[in-house]
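As structure tokens, the structure follows; a few thoughts come after it.
The values are calculated or read from the model by the stated rules, or taken from the named source; none is laboratory data. Everything numeric here is computed off the predicted structure, so don't read it as measured data. Methodologically, a virtual Cβ is constructed for each residue, glycine included, from the backbone with ideal geometry; neighbour enumeration extends over all protein chains shown.
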Ligand code: ADP
Ligand code: ZN
């Protein structure tokens, strides 16, 4: 290297400022970038929105050669490449959506050293011609994005990821950086083993996303509850609504549209073209809602998703955290909202019982579900619980429902005993089993046709539970299930005892339960959120911000890219607040790099001086 060359660290920082227009690295970014520039392997665990992309983009720009990025997200490659090109980075991709000519063009650019970054679908690497192509060019690094796809029991497993372990053998001198937002100990270990990253340096960031407000509510009329959330707190916002089944995805999207809220469905049952169209609309339009199964969302890097709502219980805390993490990548206040009820527990247990795979697999699914239930029923800070799940410590956050409206704990030992002893009595009876509805009817002393048919009104526990109302009994059942003091079985969600039920029946174990805060509490949550959002930009800057947004929409449309590829909301907010009056001033705004300044600077100044 010539003497005049910058040291790697400052060259990285210079690249960050010049190309991306950001002042400084965040968190571990600087250390990761330095390590990879120096040729080291890295495994990066960082939450969604943490800033993983720069961890390989900057080294790819600093090191000689082309950075090869392996990503399963074919549908998003075009947008990723557009965003990079807009910042002046020479990027391209190779995947099955291209025609021959387009592929040729990228391959030629790669061989001529005219690319900084090349995105590849993992299956490309099992094609011998691709491997030969890579052999003929110069590779600066391999980035393995969404590295948790290599985890075989994970929710995003991709068989093609398994062969990525071969990269190291084939190109031993090229540094590899694997990145994921999934961070449980088990997944971490599996990625390390399968990608042979034992020698790599591991960077584990804090998984906290402080700008996301976590809330979990009891489910009674989910669509109505969702509508109220959208109307009162998220009018005009972009967001994602997750449902378990395709059918409920369709119905919920329809329901929102009928109520005047723009929404589109997304699930694996729709044909590929419709899915691509809906995804593109979500990325490009302001304020559209996607109602989806978990098939939607991986790699969606839209920065201004303001809420993620779940209408059904997620299968694991891992999946839940990844889905909710799609909210608020831009760091602005956002909501993660989940509605869950007894029926969810029954349904998920049934799905586990009937799932394919061996006993160990079912047990694993059960453990995941239990952790999710514990999160739903906790009386402690949601964030503390989530971070603990990922092996990280934290104090109460002040920005989740349990911190804002602490639920009461109450001693539910006696109701639990009444309920469990009803289950015992029913078990003794002609091997018939009954679900929660029947048991609650018995406790409340209701002589329904089904109660009289089975003569359950003659049971000793008939009518002994009138101190609680029906929804409260359902909450008791739910929490006993969550605590493993009760279990469900069979097609009809029959309640059965567990090994630990007898401890409660025998009076050896106290049962602490959570009482749902009443509805008035929701107002408190809202006012906090509004206040948080207001500090972000002074009110007098709002009209200018709106004009800048309108300008951005025009530019984005003309170029056929999502609006955020031009500038993020956060950048426009800063411009509206500071009102820079020269190109030099404009260049100091976070998110305005060299290329964007040259491209959009004059246009922006016109709007600013037309004031
Ligand atoms: P991830 O891939 O980890 O979900 P991204 O790489 O998409 O996160 O980054 C999230 C957001 O944070 C993006 O909008 C990105 O431009 C921004 N960002 C990342 N690093 C920085 C930084 N050092 N300074 C300012 N903004 C950053
Ligand atoms: Zn909290």
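Selection of first residues in the range 390-406 that are on the phi > 0 side of the Ramachandran plot and of second residues that are within 8 Å of ligand 2 (Cβ to nearest atom), restricted to Cβ pairs under 8 Å at least 6 apart or on distinct chains, gives the following pairs, ordered by first then second residue: 398/404.
Considered as a group, the residues in the range 40-65 that are over 26 Å from the mean Cα position of the chain (by Cα) and assigned to a helix (DSSP H, G or I) include one that is nearest to residue 131 (Cα to Cα), and that residue is 60. Whether any residue in the range 90-106 is under 25 Å from the mean Cα position of the chain (by Cα), buried (at least 21 other Cβ atoms within 10 Å of the Cβ) and within 16 Å of ligand 1 (Cβ to nearest atom) is what I want to check. No, the range 90-106 contains no residue that is under 25 Å from the mean Cα position of the chain (by Cα), buried (at least 21 other Cβ atoms within 10 Å of the Cβ) and within 16 Å of ligand 1 (Cβ to nearest atom). Which residues, counting only those in the range 258-286, are over 25 Å from residue 330 (Cβ atoms) and in a strand (DSSP E or B)? If the condition is that a residue be over 25 Å from residue 330 (Cβ atoms) and in a strand (DSSP E or B), then 265 is the only one that fits.
Inspection of the range 245-257 finds no residue satisfying the criterion of being assigned to a loop (DSSP other than H, G, I, E, B) and either assigned by TED's automatic domain parsing to the domain that holds residue 54 or without any contact (Cβ under 8 Å) to a residue 40 or more places away in the chain (or both).
Among the residues making up the range 104-146, those that are under 25 Å from residue 298 (Cα atoms) and part of a strand (DSSP E or B) are 117, 118, 119, 120, 141, 142, 143, 144.
Could you please find all residues in the range 564-584 being part of a helix (DSSP H, G or I) and surrounded by 15 or more Cβ atoms within 10 Å (Cβ to Cβ)? Those that are part of a helix (DSSP H, G or I) and surrounded by 15 or more Cβ atoms within 10 Å (Cβ to Cβ): 564, 565, 566, 569, 570, 571, 572, 573, 574, 575, 576, 577. Total residues in the range 161-175 satisfying the condition of being under 26 Å from the mean Cα position of the chain (by Cα) and crowded, with 21+ Cβ neighbours inside 10 Å: the figure is 2. For the range 66-83, the criterion of being away from ligand 2 (no atom under 16 Å from the Cβ), under 16 Å from residue 594 (Cβ atoms) and part of a helix (DSSP H, G or I) is met by at least one residue. Conditions first: (1) touching a strand residue (DSSP E or B) at 6+ places or on another chain (Cβ under 6 Å); (2) surrounded by fewer than 20 Cβ atoms within 10 Å (Cβ to Cβ); (3) farther than 29 Å from residue 305 by Cβ. Residue 198 passes all but one, so which condition is the exception? Condition not satisfied by residue 198: (1).
Scanning the range 398-417 for residues that are away from ligand 2 (no atom under 16 Å from the Cβ) and surrounded by 21 or more Cβ atoms within 10 Å (Cβ to Cβ) yields 412, 415, 416. Scanning the range 12-34 for residues that are crowded, with 20+ Cβ neighbours inside 10 Å and touching a residue at least 60 places away in the same chain (Cβ under 8 Å) yields a total of 5. Test residue 443 against the stated conditions and say whether it is crowded, with 18+ Cβ neighbours inside 10 Å, in contact with a helix residue (DSSP H, G or I) (Cβ under 8 Å, 6 or more places away or on another chain), assigned by TED's automatic domain parsing to the domain that holds residue 425 and in contact (Cβ under 8 Å) with a residue 60 or more places away in the chain. Here the answer is no, as residue 443 does not meet what is asked. Considering every residue within the range 19-39, establish whether at least one is outside any helix (DSSP H, G or I) and either under 30 Å from residue 129 (Cα atoms) or in the same structural domain as residue 597 (by TED's automatic domain parsing) (or both). Yes. Do we find a residue being in contact (Cβ under 8 Å) with a residue 24 or more places away in the chain and away from ligand 1 (no atom under 16 Å from the Cβ) anywhere in the range 323-335? The answer is yes; a qualifying residue exists. Taking residues in the range 571-585 that are touching a residue at least 40 places away in the same chain (Cβ under 8 Å), and partners anywhere that are part of a helix (DSSP H, G or I), the pairs with Cβ atoms closer than 7 Å and at least 6 places apart or on different chains are 577/541.
Scanning the range 414-424 turns up no residue that is at pLDDT 90 or above and outside any helix (DSSP H, G or I). Comparison of 57, 80 shows that the only residue that is within 10 Å of ligand 1 (Cβ to nearest atom), under 15 Å from residue 140 (Cβ atoms) and outside the structural domain of residue 276 (by TED's automatic domain parsing) is 57. The condition (being under 30 Å from residue 420 (Cβ atoms), at pLDDT 85 or above and touching a helix residue (DSSP H, G or I) at 6+ places or on another chain (Cβ under 9 Å)) is satisfied by just one residue among 541, 475: 475. When you check residue 480 against the structure, is it in a helix (DSSP H, G or I), more than 16 Å from ligand 2 (Cβ to nearest atom) and at pLDDT below 90, yes or no? Spelling it out, it is not the case that residue 480 is in a helix (DSSP H, G or I), more than 16 Å from ligand 2 (Cβ to nearest atom) and at pLDDT below 90.
For (1) touching a strand residue (DSSP E or B) at 6+ places or on another chain (Cβ under 8 Å); (2) outside the structural domain of residue 44 (by TED's automatic domain parsing); (3) not in a loop (DSSP other than H, G, I, E, B), each residue gets a yes or a no:
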position: 148; (1), (2), (3): yes, no, yes
position: 160; (1), (2), (3): no, no, yes
position: 164; (1), (2), (3): yes, no, yes
position: 178; (1), (2), (3): yes, no, yes
position: 187; (1), (2), (3): yes, no, yes
position: 216; (1), (2), (3): yes, yes, yes
position: 225; (1), (2), (3): yes, yes, yes
position: 229; (1), (2), (3): yes, yes, yes
position: 235; (1), (2), (3): no, yes, no
